[in-house]
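Worksheet for the structure shown next.
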Amino acid sequence: MTPEYKEVLTELLFQLADDDFIHAFRGSEWLGLAPHIEEDVAFSSINQDTMGHAVIYYKLLEDLGMGAADDLAHLRDASAFRNGVLLEFKNGSGEYLDSPQYDWAFTVVRHLFYDVYKKIKLEALKQSNYEPLANAARKILTEQTYHLMHWQTWFRQLMQSTEESRARMEQALLRCWEDMGGVLTYGQYGDEMTALGLIGSEEALKNTWLAEITKLFSEVDYKKPSDEPKMAHGNGRNGEHSADLDHALKILSEVYRSDSQASGW
Amino acid sequence: MSDVTSLAHLTDEEKYEHFMRRIENDEKIEAEDWMPDDYREQLIKLITMHGISEIMGAFPEKEWVPKAPTLHRKLAIMAKVQDEMGHGQLLLRVAEDLLKPYGKTREDIMQDLFSKRLKFHNVFHMPSPTWGDAAVIAWLVDGAAILSQTMMLKTSYGPYGRALKRICQEESFHSKHGESLVLSLAEGTPEQRRMLQEALNRWWEPLLMFFGPKSSKETGHTNVDKNLKYKLRSKTNEELRQEFLTKYVPKIKLLGLSVPDDTLHFDEEKGEWIYQEPDWQKFKEIIKGNGPKSDERLALRRSSYENSQWVRDALAEYRMAAV
Amino acid sequence: MSQDQSTFYEEYEVFSRKKDGMPLEHRFSLLAPNAEMALILAKENFFRREPIADLWVVKRSNIRKMTQEERLAFGRLDKAYRETKGYADLVARWRAFKEKNGDQEVEIDDAGI
Ligand SMILES: [Fe+2]
Ligand SMILES: [Fe+2]
């Protein structure tokens, strides 16, 4: 492994790990607050799966000598995080313990966008020349079918019912479209990732995503807002983030950081 | 099924006798079976309270889901709290079927919760300010719940028994999770041990309260009496509390923790634990919905429920469109 | 509460098959507004630990259940003439033939010949 290969590989692994970690955290904030008890339970499984996937990637980084998985998840500054900005946005206004006004439409659309893309990305990663990553992708894919089925069902039903629901969903679609570009990008080392054989090209994956999402849109009689999704709030792949991420990281690491002498929890 | 070959011609009194014979023969009663109103009402009281306690029980721990210190702990506590929501689901389904003759649904259960007509366990009205609380809840609150749920496994009501069987299987994971959390803190730094001891101090009285006031033989508490008569439960509150003390006090001491009750000891002659009675007046207030966190948690549940009304409306509409 | 709640809270019974080749088993029930939703909810509500191979959801109102009265129809007397246990005498009778004819070849086991 050349130093260049390793550098680009770790960059990609941080993107994968941080996407899943932050996205799972946002999902887990819904625990106890979902619109229906049965959905609360089902949604929690998806969040556990997703956080489990983050753990797999952090372990790959640990194996590369980047530090302990728990340190990587809990001790890095926001600027070191490589997740797409869309995934770090709060679920709505308020705090998860204090008058949360969470937006279910935003959650459904964000999950749909992300999970459609994640499946495409994992399929591409199966061909990665970094064998541990290809193996991880194969494993993770087994759980992806259910996630997609779950969010597609929600998407179809909420898009095709009451006027209020349609309006809320369209608003959420616009909002997610504004920043989905930041999830679809590989960031500044994108070309190298592909050239080194780690993952198929950003352009190809993005086009597959656009094709699949457009197909879902047409099923519910919706036209995409513009040619391509945008990156309105910065490129998280390059360390640009919103205040929502700082806030999230403070919560996520509060206990882990609280006792520097502790060797176990 | 005894010597009755048709129920249609029996008087209510004969039906009651037949029903009680089934109870005495340890037959299981199913949802559509004839049952005295009294039995149905006892079940509804017991199971809605149990079910809604599982749901409200998610809140004191939920706070610690994202804050759980490590990735492994984050996953485990998420799974644990999810299970509790799942227990709520199983139990509410059982209660909802019992409520049918009254034309009530889950919606009514939720409204009863919001208006404080429906009570939930005292422990879920209490604050959980540190990670130590998450550990003590998982070890001891779940430990106490396991004792009372296991006691009811043989309950005469079939659907409740089946739900409890599944719940108890999952609770065995909860108790391992709880032990693991407590052991890690007990093995840890002075700071971690202090966190654990303080949490134990906070939870001791609520834990003793959890089983409820002394019952039947001690005070003539009618609900417990009825539940014993109908074989919904097999032990009194005090018997369960004694079991809890026998099971956990030695372990607490083994960890080098102290119980915040100087009077606590096992009386060899009487063969029972002597302990400082919890403040039952306070207990009553808490159960009524006047505990330290009652309003806050109910508000959380209510606002999220109201906030997502549009989702339920939309799905109801979608179903009709699809028909 | 702008909608009739009953259209959201439909009851679905959930059935699962542990492995291919195993019979379908009734598990639990849940509330869902339609079958699609019931299916995606059932999986994680009831099978988040145990592996399963197949899952069915059935709207409860489509099931014709029996009443307690009707279940009394399951009572019946012993019908040995249609069970193998009603033919326990066969071995002894085969043996009797064997002894009578001094035959060593034919083996007789519990199941007869
Ligand atoms: Fe539980
Ligand atoms: Fe539990």
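The values are calculated or read from the model by the stated rules, or taken from the named source; none is laboratory data. Being a predicted model, the structure only gives us computed values, none of them experimental. Cβ coordinates were reconstructed from backbone atoms using ideal geometry, including for glycine residues, and neighbour counts include every protein chain displayed. Note: areas computed on protein heavy atoms with side chains; ligands, DNA, RNA excluded. Shrake-Rupley method; radii C 1.70, N 1.55, O 1.52, S 1.80 Å.
Each listed q (0.09, 0.21 Å⁻¹) maps to a log10 I(q)/I(0) for the range B:1-158, found by the Debye formula over equal Cα scatterers with no solvent: -0.40, -1.33. Counting only protein heavy atoms and a probe of 1.4 Å, the accessible surface of the protein assembly as shown is 52% carbon and sulfur.
Kirkwood-type hydrodynamic radius, the range B:178-263: 14.7 Å, calculated from all non-identical alpha-carbon pairs.
Each residue of the range B:189-196 is assigned a 3J(HN,Hα), and the resulting list reads 6, x, 4, 5, 5, 5, 4, 5 Hz, derived from the Karplus form 6.51 cos²θ - 1.76 cosθ + 1.60 (θ = phi - 60°), x at Gly and Pro.
The calculated FRET efficiency for the pair B:Lys231 and A:Asp98, based on their C-beta separation and a Förster distance of 35 Å, comes to about 0.20. Chains B and A: how much accessible area gets covered up at their contact, both sides added, probe 1.4 Å, in Å² to the nearest hundred? Buried: approximately 4500 Å² between A and B.
Label separation (C:Glu83 vs A:Glu164): 6.1 nm, computed from points 7 Å beyond Cα along the C-beta direction.
With no solvent and one equal point scatterer per Cα, compute the Debye intensity ratio I(q)/I(0) for the range A:28-175 at 0.09, 0.18, 0.20 Å⁻¹ and report its log10, rounded to two decimals. For the range A:28-175 at q = 0.09, 0.18, 0.20 Å⁻¹, log10 I(q)/I(0) is -0.34, -1.23, -1.40. Pairwise Cα distances in chain A exceed 26 Å for 39 percent of all pairs. Positive-end ranking of B:Trp64, B:Gly188, B:His87 along the dipole of the protein assembly as shown, with charges on Cβ about the Cα centre, is headed by B:His87.
Helical runs assigned H by DSSP (4 residues or longer) give chain A a calculated mean residue ellipticity at 222 nm of -22500 deg cm²/dmol, each run adding -39500 (n - 2.57) before division by the residue total.
Peptide C:44-56 is shielded by partner chain Cβ atoms: per residue, an average of 4 of them sit within 10 Å of its Cβ.
Binning the C-alpha pair distances of the range B:36-322 at 5 Å intervals from 0 yields a P(r) profile of 1, 5, 11, 16, 18, 18, 14, 9, 5, 2, 1, 0, 0, 0, 0 %, listed from the shortest bin outward.
Once both labels are positioned 7 Å from their Cα atoms along Cα-to-Cβ, the gap between A:Leu174 and A:Lys215 label points is 2.8 nm. Go ahead and set up a Gaussian network model of chain B, Cα springs under 10 Å, then flag whichever of B:Asn201, B:Asn25, B:Asn223 fluctuates most. Taking springs between Cα atoms under 10 Å, the residue moving most is B:Asn25.
Rg and Dmax of chain C, based on Cα coordinates, read 26.3, 90 Å.
Within the listed set C:Glu25, C:Glu50, C:Glu83, the Gaussian network model of chain C (springs between alpha-carbon atoms below 10 Å) gives the highest mean-square fluctuation for C:Glu83. Take each residue in B:86-99, count the other chain C-beta atoms within 10 Å of its C-beta, and the mean is 4. Taking the inverse of the mean reciprocal distance over all distinct Cα pairs, the Kirkwood hydrodynamic radius of the protein assembly as shown comes to 28.3 Å. Highest-first packing order for the peptide set A:69-76, C:26-33 is C:26-33, A:69-76, based on the mean count of other beta carbon atoms within 10 Å. Spin-label pair C:Asn101-B:Phe266: with each label point 7 Å from Cα along the Cα-Cβ axis, the two points sit 7.4 nm from one another.
In the protein assembly as shown, a dipole from Cβ-located charges (positive for Lys and Arg, negative for Asp and Glu) runs towards its positive end, and of B:Pro159, B:Ser308, B:Phe211 it is B:Pro159 whose Cα lies farthest in that direction. Here the scattering of the range C:3-62 is modelled by Debye summation over its C-alpha atoms, one equal scatterer each and no solvent; at q = 0.12 Å⁻¹ the log10 of I(q)/I(0) is -0.28. A Förster distance of 51 Å, applied to the separation of the beta-carbon atoms of B:Tyr16 and C:Phe47, puts the FRET efficiency at 0.80. For the range B:232-315, the C-alpha radius of gyration divided by 2.2 N^0.38 Å, with N the number of residues, is 1.71. Are there residues in the range A:243-261 whose accessible area shrinks by at least 20 Å² when all protein chains are included rather than the chain by itself, and which are they (probe 1.4 Å, ligands and nucleic acids not counted)? Residues shielded by partner chains are A:Ile251, A:Leu252, A:Glu254, A:Val255, A:Tyr256, A:Asp259.
The range B:146-170 and the range B:280-298 have Cα centres spaced 27 Å apart.
Among the trypsin sites (Lys or Arg not before Pro) within the range B:266-306, those in coil by DSSP and having at most 12 neighbouring Cβ atoms inside 10 Å are B:Lys270. As an equivalent ellipsoid, the range B:87-230 spans semi-axes of 31, 17, 17 angstrom, where each value is the square root of five times an eigenvalue of the C-alpha gyration tensor, largest first. Note on chain B: helix-only mean residue ellipticity at 222 nm, from DSSP H runs of 4+ residues weighted -39500 (n - 2.57) and normalised by residue number, equals -20500 deg cm²/dmol.
Compare the Cα positions of A:Gly65, A:Gln152, A:Ser28 along the charge dipole of chain A (+1 at Cβ of Lys, Arg; -1 at Cβ of Asp, Glu; about the Cα centre) and return the one farthest towards the positive end. Of the options given, the answer is A:Gln152.
Less than 20 Å from a label point 7 Å out along the Cα-to-Cβ axis of A:Gln188: which backbone N atoms in the range A:1-38 qualify, by residue? Correct set: A:3-19. Semi-axes of the equivalent ellipsoid of the range A:124-265 are 30, 24, 18 Å, computed as sqrt(5λ) over the eigenvalues of the C-alpha gyration tensor in descending order. Here the relative contact order of chain B, from alpha carbon pairs under 8 Å that lie six or more residues apart, stands at 19 percent.
Think of each Lys and Arg Cβ as +1 and each Asp and Glu Cβ as -1; about the Cα centre, that makes the dipole of chain A roughly 520 debye.
Excluding the site residues themselves, the longest part of chain B lacking any GluC sites (Glu not before Pro) in a DSSP loop with at most 12 other Cβ atoms within 10 Å is B:1-267. Taking a point 7 Å out from the Cα of A:Met1 in the direction of its Cβ, the residues of the range A:44-69 whose backbone N falls within less than 20 Å of it are A:53-69. Take each residue in A:157-169, count the other chain C-beta atoms within 10 Å of its C-beta, and the mean is 5. Backbone geometry of the range B:295-303 corresponds, through the Karplus equation with coefficients 6.51, -1.76 and 1.60 at θ = phi - 60°, to 3J(HN,Hα) couplings of 5, 4, 6, 5, 5, 4, 5, 5, 5 Hz, x marking Gly and Pro. If you plug the beta carbon distance of B:Asn290 and B:Glu32 into 1/(1 + (r/R0)^6) with R0 = 30 Å, you get a FRET efficiency near 0.20.
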